[in-house]
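Just so it is clear, none of the values below were taken in a lab; they were calculated from the coordinates. These numbers come from a predicted model, not from an experiment. Using ideal geometry, Cβ is built from the backbone for each residue, glycine included, and neighbour counts are taken over all protein chains shown.
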Amino acid sequence: MSATATIVLIVVVLLVLAAIVVGVQAARRRRLRQTFGPEYDRVVADTGNRSEAEKELLERTKRHAQLELKPLSPESRTRYSAAWEEVQIRFVDDPQEAVSTADELVTRLIAERGYPTGDYDERLADLSVEHAATLEHYRSAHDISRRSRDGQAETEDLRQALVHYRALFADLLGENPVAHTTPAPRPAAEDTTTRPDTTTEPSR
């Protein structure tokens, strides 16, 4: 084989290898986008580097595969649905307490499904693998709950927090816990024997 032919062959092999590498990277990127949805773009924006972001998401996937996740029994789903209904009823008279209880209830459900609940950021990372679609709801609810503890959340904020918590709650539960309404808080001057109408939640 001539030197020219050898060089051409080497170039062709290198081009083929480069095409394979690019194809593998593109396929991996598609899988990550399908798995993480909007969380993919969020991590890319946070890291400022697509390769680093994809490395982090792959690490999340590996860590998630090591978790011993388990589905809920029908009895557990019934119990959680009833507990959530109580949260919504409580919201009428005490929105702040209801949101605090919703946060605790969601955390218990996360734990029962088999997710670690110690560190909030790690909790988000673990949930993002299978529950990326509702993760932003959880972030928003958690932020409002934190502001509520500091006395910086209005009643409408608290109502939105309950809507956000319910999005992840339903995702983890595998079904809607209650009808698609969030109670309005009871006006201060209202007679305690009268139950106000519910308001329809905004679409998720």
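Tabulated data
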| quantity | calculated |
| --- | --- |
| Region 1-114: relative contact order in percent, alpha carbon pairs under 8 Å with at least 6 residues between | 19 |
| Nearest-20 debye value, region 79-120 charge dipole, Cβ charges on Lys, Arg, Asp, Glu | 220 |
| Cα-centred dipole magnitude for region 49-186, charges only on beta-carbon of K, R (+1) and D, E (-1), debye, nearest 20 | 220 |
| Region 50-66 - phi-based ³J(HN,Hα) in whole Hz, Karplus 6.51/-1.76/1.60, Gly and Pro as x | 5, 5, 5, 4, 5, 5, 5, 5, 5, 5, 4, 4, 5, 5, 5, 5, 8 |
| In sequence order, calculated HN-Hα J values of region 114-128 (Karplus, 6.51, -1.76, 1.60; Hz; x Gly/Pro) | x, 8, x, 10, x, 9, 4, 5, 5, 4, 4, 4, 5, 5, 5 |
| Hz values of 3J(HN,Hα) by residue in region 36-46 - Karplus curve (6.51, -1.76, 1.60), Gly and Pro given as x | 9, x, x, 5, 4, 5, 5, 5, 4, 5, 5 |
